[in-house]
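Below is the structure I would like to discuss, written out as structure tokens.
The values are calculated or read from the model by the stated rules, or taken from the named source; none is laboratory data. What you are looking at is a predicted structure, and each value in this text was computed from that prediction instead of being measured. Positions of Cβ are backbone-derived with ideal geometry, glycine not excepted, and every protein chain shown enters the neighbour counts.
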Amino acid sequence: MGGNDSLLPLAILLLGVAAVAGFIAFRPWPATPSSTPIKAGSYVIEILQGHPPAASTPPDRKQQISEIENGLTAVLLIWAVSKVASSGPVQAILGATGK
């Protein structure tokens, strides 16, 4: 074993902290039933206990989320159609029809 074995617990701890921070950062901040954001400390404690509160989605963001999803779907469809159109069999069929 190398001389860095003593740093393994620190690396595991930092990986855990990074995982919790990533979970918090990439998730809509939860709110209480009265629509007030919950405190950061209680949020972290609930996550560490294995019971993260439900993510909240304000009503004004639902339209934005729908528009983003529709845009991503359109980009995906355009990409898929371009891949199919540039495939060999499609090129052969179009060439055989004289186009």
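Being exposed (fewer than 10 other Cβ atoms within 10 Å of the Cβ) and outside any helix (DSSP H, G or I) is the filter here, so list the residues in the stretch 26-56 that pass it.
Phe26, Pro33, Ser34, Ser35, Thr36, Gln49, Gly50, His51, Ala54
Kindly establish whether Gly3 is at pLDDT 80 or above and not hydrophobic (A, V, I, L, M, F, W, C).
No: the conditions fail for Gly3.
Taking Leu94 as the residue in question, decide whether it is at pLDDT 80 or above, surrounded by 10 or more Cβ atoms within 10 Å (Cβ to Cβ) and either not in a loop (DSSP other than H, G, I, E, B) or not assigned by TED's automatic domain parsing to the domain that holds Thr36 (or both).
So Leu94 fails the test.
Collect the residues in the stretch 54-81 that are modelled with pLDDT of 85 or more and either in contact with an Asp or Glu (Cβ under 6 Å, 6 or more places away or on another chain) or small (Gly, Ala, Ser) (or both), keeping them in residue-number order.
Selection gives Gly71, Ala74, Ala80.
List the pairs whose first member sits in the stretch 11-25 and is assigned to a helix (DSSP H, G or I), whose second member is of a type in the set (Ser, Thr, Tyr) and surrounded by 11 or more Cβ atoms within 10 Å (Cβ to Cβ), and whose Cβ atoms are under 9 Å apart, counting only residues at least 6 apart or on separate chains?
Every condition considered, the pairs that remain are Ile24/Tyr43.
Would you mention how many residues in the stretch 41-50 are among the hydrophobic types (A, V, I, L, M, F, W, C) and over 21 Å from the mean Cα position of the chain (by Cα)?
Summing the residues that are among the hydrophobic types (A, V, I, L, M, F, W, C) and over 21 Å from the mean Cα position of the chain (by Cα) in the stretch 41-50 gives 1.
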